[in-house]
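Data block below; observations after.
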Amino acid sequence: MTMNIWMDGNHVDDGVKKIAKHVEIVDPDILTIQEIHYEVTAEDIITNLANATLWKYVFESGFDTAILTKHKILNTSTSGTVAMYARIELPSGLRVNAWSMHADYRAYGPYAACNGMVKNASIIMVGESAPFGEKEASRVNDIRTLLGSVEVKSAFDSLDTEPMIVAGDFNSPSHLDWIEAARHRHCGWAFEWPATKMMTDANFTDSFREIYPDPLTKPCRTWSAVEKGNNEWNYELPEPQDRIDFIFYQGPIGANRSALYGGSEPIHISPNHQKNDWPSDHFAVFTDFVIY
């Protein structure tokens, strides 16, 4: 399961308790979290879980990603500056290499695509690949950093026996969604988003789109649960809705079920979100895997 918890759950009443509630409902073996800025948030989520003593977490100050699991954590690290990594051993003995990913949010591509004045795909691509600031952050650079990290390279070497899972908020739509047949859904554009394309080029499988290959019948828009209009224009300007949260995998497992998740209670859109039961501005995604 992957979940952006919207600034440590602070945008809804009792946000941490509500995060824990929904984690219990889904009951994932591995949970990747984004927009978690304080270690105490991970601790408080676990404290509010049943069987809290079974849960462990991986978090490092300075990052906004974490991994929670009920299973044994063998080792951890950060992969460059873009993802939290944990090697986890399941009760079956299977070892899983997992990453919680949060790619750069700036120059968000759909804003350019839906701008109306942007006529050339190269302008959209600038936002995906141009460096921002001293760390040269961009979504393309983030994925390049991840795939070139020591942890990922090492995991590739043991891929025959240890699956890899990269899950999180990519702040990018998918090249598998913005296809020719779906132009009418994406402000008239078909576009090969590089962040997700780089993942599939590295032989990762998009678990949701593997099960539901047609983006017209199963769009699975994870952004946004609450943001339907831009607050800078008094919510009158529509916010592009897209699938930007993913669970990628490869190795000796296979996806057999995947879904968007946002609880069962009505979700009130911004600015009336404070009392929502669902504590995030993203929908979560979960995938069930079978072991080969």
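The values are calculated or read from the model by the stated rules, or taken from the named source; none is laboratory data. Since the model is a prediction, treat every value here as computed from it, not as a measurement. For neighbour counting, all protein chains shown are included, and Cβ atoms are generated from backbone atoms with ideal geometry for every residue, glycine included.
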- Query: Taking Ser270, is it outside any strand (DSSP E or B) and surrounded by 15 or more Cβ atoms within 10 Å (Cβ to Cβ)?
  - Reply: yes
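Would you check which residues across region 61-110 are of a type in the set (A, V, I, L, M, F, W, C), assigned to a strand (DSSP E or B) and in contact with a Pro (Cβ under 8 Å, 6 or more places away or on another chain) and list them?
Filtering region 61-110 down to residues of a type in the set (A, V, I, L, M, F, W, C) leaves 63, 66-68, 73-74, 82-84, 86, 88, 90, 94, 96, 98-99, 101, 103, 107.
Narrowing the set further to residues that are assigned to a strand (DSSP E or B) leaves 66-68, 73-74, 83-84, 86, 88, 96, 98-99, 101.
Val96, the sole residue that qualifies.
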- Note on the structure: Only unsatisfied item for Ala113, checking (1) farther than 28 Å from Phe156 by Cβ; (2) surrounded by fewer than 21 Cβ atoms within 10 Å (Cβ to Cβ); (3) touching a residue at least 24 places away in the same chain (Cβ under 8 Å), is (2)
- Query: Which one is nearest to the chain's Cα centre (by Cα), of the residues in region 184-234 that are modelled with pLDDT of 95 or more, in a helix (DSSP H, G or I) and more than 30 Å from Gly251 (Cβ to Cβ)?
  - Reply: Arg185
- Message: When you scan region 234-254, do you find a residue that is without any contact (Cβ under 8 Å) to a residue 24 or more places away in the chain, farther than 18 Å from Val23 by Cα and of a type in the set (Phe, Trp, Tyr), even just one?
- Response: no
- Query: Counting only residues that are surrounded by 19 or more Cβ atoms within 10 Å (Cβ to Cβ), under 25 Å from Arg139 (Cα atoms) and out of contact with any helix residue (DSSP H, G or I) (no Cβ under 7 Å at 6 or more places or on another chain), how many does region 38-67 have?
  - Reply: 4
- Could you give every pair whose Cβ atoms fall below 9 Å, whose first residue belongs to region 47-61 and is on the phi > 0 side of the Ramachandran plot, and whose second residue is surrounded by 11 or more Cβ atoms within 10 Å (Cβ to Cβ), counting only separations of at least 6 or pairs across chains? Asn51/Lys70
- Lone qualifier among Leu176, Leu94 - being within 18 Å of the chain's Cα centre (by Cα) and not charged (D, E, K, R): Leu176
- Item | Among (1) at pLDDT below 95; (2) part of a loop (DSSP other than H, G, I, E, B) - the single one Ile36 does not satisfy | (1)
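Within 20 Å of Met7 (Cα to Cα) and more than 18 Å from the chain's Cα centre (by Cα): which single residue out of Thr65, Thr47 fits that description?
Values: Thr65 fails: more than 18 Å from the chain's Cα centre (by Cα).
Of Thr65, Thr47, the one residue that is within 20 Å of Met7 (Cα to Cα) and more than 18 Å from the chain's Cα centre (by Cα) is Thr47.
Restricting to region 124-183, name every residue that is surrounded by 17 or more Cβ atoms within 10 Å (Cβ to Cβ) and part of a strand (DSSP E or B). Full working, then the answer.
In the first step, residues of region 124-183 are kept if they are surrounded by 17 or more Cβ atoms within 10 Å (Cβ to Cβ); the result is 124-125, 127-128, 137-147, 149, 151-152, 155, 162-179.
Result: Ala137, Met164, Ile165, Val166, Ala167, Gly168, Asp169.
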